[in-house]
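Novice: Supplied in structure tokens, the structure appears directly below.
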Amino acid sequence: MKLSATLLLLFSAGASAAVPSLDDENWEDMTAGKTVFVKFFAPWCGHCKSMASDWEKLSDEWAGNAVGLVAEVDCTMDDTEDICEENNIEGFPTIKFGDPTALEDYEGQRDYDAMAAFAKENLKPVCSPKNLDACNDEKKGIIEKYQAMTVEDLDAAIDGVEKQIEDADNKRDEEVEKLQETYERLMEEHDVTTKRLKVENNIGLMKAVKATLAETKDEL
């Protein structure tokens, strides 16, 4: 008998049967109208295995919730390739949250208490084009402004912001590289200076004489 994709996901190594498993086919239906907390994982990942029980416990607490969904995606499966690629998953586990169409990175601790507190604070209705009831007047105005733009104009605007972010990242990397070079130069200068001072002042002999004098004093 051929098992369905959902059953295969549930029984795959590293996945918890109690945690909703998302794939390319069911993603839209299962996340519709939800604010999500999603773990992207691989069955062989040690860190994924170590947090599996905490994630299952958290998912159980949110099961059936009208607003929040705690789920997981096995990025080693053929039918999750699109989701994992669209969300730029490069390492495991990667945890994301928020609007399913615009997930944000979760950067908190990965123990149960921290994740449960985060879920309680953040798995609430979020403002989005599909959930205008959660938007204040300012956000509604911004959405209306974007909805009046063409897809091409939105692409250009998004590309512009992402280019600025990329430039900021590059500038940071350049400055960090400069700091690294400065650090290495200072360490080298420090080593040269300390070695010179030790040699010029015969600090080794000074310490040896001091030790001898101390021994002589003790004998007296």
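The values are calculated or read from the model by the stated rules, or taken from the named source; none is laboratory data. A quick note: this is a predicted structure, and the numbers were derived from the prediction, not measured. A quick note on method: Cβ atoms are made from the backbone with ideal geometry, for glycine too, and the neighbour counts reach across all protein chains shown.
Novice: When you go through (1) at pLDDT 95 or above; (2) within 22 Å of Phe118 (Cβ to Cβ); (3) of a type in the set (Ser, Thr, Tyr) one by one for Thr76, which number turns out not to apply?
Specialist: Thr76 satisfies every listed condition except (2).
Novice: Pull up segment 28-49, narrow it to residues that are aliphatic (A, V, I, L, M) and outside any loop (DSSP other than H, G, I, E, B), then point me to the one that is farthest from Leu123 (Cα to Cα).
Specialist: Looking at residues that are aliphatic (A, V, I, L, M) and outside any loop (DSSP other than H, G, I, E, B), I get Met30.
Novice: Kindly establish whether Ala52 is part of a helix (DSSP H, G or I), surrounded by 15 or more Cβ atoms within 10 Å (Cβ to Cβ), touching a strand residue (DSSP E or B) at 6+ places or on another chain (Cβ under 9 Å) and free of Cβ contacts under 8 Å to residues at least 40 places away in the same chain.
Specialist: yes
Novice: Listed residues Ile95, Ile89; which is assigned to a loop (DSSP other than H, G, I, E, B) and either of a type in the set (A, V, I, L, M, F, W, C) or buried (at least 20 other Cβ atoms within 10 Å of the Cβ) (or both)?
Specialist: After ruling out the rest, the residue left standing is Ile89.
Novice: For the subset of segment 100-127 comprising residues that are surrounded by fewer than 18 Cβ atoms within 10 Å (Cβ to Cβ) and closer than 18 Å to Asp29 by Cα, which member is nearest to the chain's Cα centre (by Cα)?
Specialist: Selected residue: Ala102.
Novice: Same structure again: Take segment 1-27 and flag every residue that is more than 14 Å from Thr76 (Cα to Cα), at pLDDT below 90 and of a type outside the set (Ser, Thr, Tyr).
Specialist: Listed by number, the residues that qualify are Met1, Lys2, Leu3, Leu7, Ala17, Ala18.
Novice: Which residue is farthest from the chain's Cα centre (by Cα), if the candidates are limited to segment 28-47 and must be charged (D, E, K, R) and within 18 Å of Asp79 (Cα to Cα)?
Specialist: Among those residues, the one meeting the criterion is Asp29.
Novice: Is one or more of the residues making up segment 95-107 more than 26 Å from Trp62 (Cβ to Cβ) and in contact with a Leu (Cβ under 7 Å, 6 or more places away or on another chain)?
Specialist: At the first step, the residues of segment 95-107 found to be more than 26 Å from Trp62 (Cβ to Cβ) are none.
No, segment 95-107 contains no residue that is more than 26 Å from Trp62 (Cβ to Cβ) and in contact with a Leu (Cβ under 7 Å, 6 or more places away or on another chain).
Novice: Which residues, taken from segment 56-78, are under 16 Å from Asn122 (Cα atoms) and in a helix (DSSP H, G or I)?
Specialist: Within segment 56-78, Leu58, Ser59, Glu61, Trp62 meet the criteria.
Novice: Something else: Would you pick out the residues in segment 97-115 that are among the hydroxyl-bearing types (Ser, Thr, Tyr) and touching a strand residue (DSSP E or B) at 6+ places or on another chain (Cβ under 6 Å)?
Specialist: Tyr106
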